[in-house]
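Here is the structure we will look at.
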Amino acid sequence: MLDLNDIAVFIRVAQLGSFSRAAQALGMPVSTVSRRVTALEDELGVTLIQRSTRKLSLTVQGRAYYEQCSEPLNELHDAERALTQTQKSAEGLLRVSVPVILGQAPFFEFVSEFMRAFPRIRVDLHITNAFLDLIGENIDVAIRYGDLHDSALVARRLGTSFRYIVATPEYLGGRKLPQKPQDLQAFDCVMINARNNQAEWLLIKGRHAERVHVSGPLTSRDFNSVSAFVYRGHGVGFLPSAYCDEKIAAGELVRLLPEWTSPEFPVHAVYPTRRFMPQRLQVFLDALAAWQSPSWRRD
């Protein structure tokens with residue numbers, strides 16, 4: 001089977017017209033250059049170069065072979081240089097997967113600023129709560145909340161997320177505010193992933209934890225829709241801080257039992273491997289680590 005390295009050596013000898021100059025350009029002994037060309041001739045069964053003590057010249061077959069091989073070999077070298085340049089430069093296509101909770105204005109602004117800072121990077125954004133197979137789906141990086149279970153991935157911790165108990169002032173009008181977690185059983189609750197419109201909420205205050213069984217008029221599979229019904233006054237919600245901080249500050253939501261939160265949910269950026277990390281991924285990870293995200297609290 002033909003060795004591409006032997007072909008590359010032959011091409012360089014033909015271009016420079018000298019074994020010694022080719023050896024110098026390739027950084028190898030003259031004897032190795034000569035041996036590789038001879039091995040190629042033996043494999044092909046033809047003489048490519050006529051050798052003499054004074055000079056060398058291509059045979060008719062050698063000239064034809066050179067003309068056929070030089071351009072494809074140049075294309076291979078161009079492809080190698082392009083790939084190496086892409087790895088070392090902040091450019092190319094970056095595929096990013098994030099949960100639905102991040103599909104809001106702050107994250108979109110972060111991505112927008114990132115693209116302005118690195119105009120040669122193109123972003124393919126997947127907003128989904130599904131845990132995509134990063135390798136199978138050719139995803140460069142994903143942001144994930146909660147404990148990680150795929151040990152094959154590399155993780156970079158970004159911070160911690162919490163959930164708060166909240167409701168609108170309109171819903172709470174005329175109602176006695178809850179004083180302890182179990183009081184929530186008397187309220188309509190809007191829940192995520194509840195069964196038969198019933199759920200169990202785990203609340204933490206310092207080292208103390210309580211589980212509260214709640215029920216209500218609506219359950220859904222994502223926080224976007226759950227928060228939408230909480231905002232419309234259909235009941236009490238247990239929402240991530242990203243969905244309620246601004247509205248609490250604006251008086252559009254009231255935080256109930258303010259000393260109680262959910263357990264902390266770690267937030268990580270995960271990616272397939274540290275080896276040969278492209279520069280476009282490195283700068284994105286650095287930007288994420290520096291971002292003052294409203295979706296998590298930095299450690």
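Read-outs: derived from the displayed coordinates by stated rules, not from any lab. Just so it is clear, the structure is predicted and the values come from calculations on it, not from any experiment. Using ideal geometry, Cβ is built from the backbone for each residue, glycine included, and neighbour counts are taken over all protein chains shown.
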*Applying 1/(1 + (r/R0)^6) with R0 = 35 Å to the Cβ-Cβ distance of VAL154 and ILE248, what FRET efficiency is obtained, to the nearest 0.05?*
0.50
*Relative exposure of ARG255, ARG122, judged by other C-beta atoms within 10 Å (fewest first)*: ARG122, ARG255
*Efficiency by 1/(1 + (r/R0)^6): what FRET value for GLN104 and ARG221, r their Cβ-Cβ distance, R0 = 22 Å, to the nearest 0.05?*
0.80
*Relative to the longest principal axis of the chain, what angle (0 to 90°, nearest 10) does the C-alpha long axis of helix 4-16 take?*
50 degrees
*For the stretch 102-171 and the stretch 1-68, distance of Cα centres in Å*: 54 Å
